[in-house]
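**Student:** Quick one: this structure, given as structure tokens, is what I'll be asking you about.
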Amino acid sequence: MIKVLFFAQLADQAEKDFQMLEFSTGMTPRSLVEHLAKTLPKQLIDELQSGATMLSVNQVFAAWDQPLSEGDEVAFLPPFSGG
């Protein structure tokens with residue numbers, strides 16, 4: 001299984017903070033979003049695919065094409081800034 005976490009407005013749009021998904025060989029964050037598109041609102045999927053959303057795998061910022069492994073935790077984070 002892969003645990004998918006949503007934060008801030010992404011969680012609001014998903015109407016949940018996390019979702020568990022079956023792992024499949026060759027899965028990447030990009031293909032994970034394609035899988036999520038089957039059950040989540042189009043507006044959320046569009047935001048995830050916009051390029052502005054950051055993602056982490058096991059609490060480390062990651063690339064969209066990074067291979068995932070069984071048991072990984074993938075988090076989607078909306079754009080943010082410091083000050």
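The values are calculated or read from the model by the stated rules, or taken from the named source; none is laboratory data. The model shown is predicted, which means the values in this text are computed figures rather than measured ones. In this analysis, Cβ positions are derived from the backbone assuming ideal geometry, glycine residues included, and neighbour counts consider all displayed protein chains.
**Student:** I need the full set of residues from the stretch 52-68 which are in a loop (DSSP other than H, G, I, E, B) and among the aliphatic types (A, V, I, L, M), in order please. Quick ask: steps written out before the conclusion?
**Tutor:** Applying the first criterion (in a loop (DSSP other than H, G, I, E, B)) to the stretch 52-68 yields 52-53, 58-59, 62-68.
Result: ALA52, ALA62, ALA63, LEU68.
**Student:** Does SER24 satisfy the criteria of being of a type outside the set (Val, Ile, Thr), modelled with pLDDT under 95 and in a loop (DSSP other than H, G, I, E, B)?
**Tutor:** Details: of a type outside the set (Val, Ile, Thr): yes; modelled with pLDDT under 95: yes; in a loop (DSSP other than H, G, I, E, B): yes.
Yes, satisfied.
**Student:** Right, here's the next one. Restricting attention to the stretch 27-79, report how many residues are without any contact (Cβ under 8 Å) to a residue 60 or more places away in the chain and aromatic (Phe, Trp, Tyr). Walk me through it before giving the result.
**Tutor:** Filtering the stretch 27-79 down to residues without any contact (Cβ under 8 Å) to a residue 60 or more places away in the chain leaves 27-67, 69, 79.
Those left that are additionally aromatic (Phe, Trp, Tyr): 61, 64.
Count: 2.
**Student:** Of the residues that make up the stretch 37-44, is at least one of a type in the set (Val, Ile, Thr) and buried (at least 17 other Cβ atoms within 10 Å of the Cβ)? Walk me through it before giving the result.
**Tutor:** In the first step, residues of the stretch 37-44 are kept if they are of a type in the set (Val, Ile, Thr); the result is 39.
Next, from what is left, pick out any that are buried (at least 17 other Cβ atoms within 10 Å of the Cβ): none.
So far as the stretch 37-44 goes, no, none of its residues is of a type in the set (Val, Ile, Thr) and buried (at least 17 other Cβ atoms within 10 Å of the Cβ).
**Student:** May I ask you to list the residues in the stretch 1-21 that are in contact with an Asp or Glu (Cβ under 6 Å, 6 or more places away or on another chain) and in a helix (DSSP H, G or I)?
**Tutor:** ALA11
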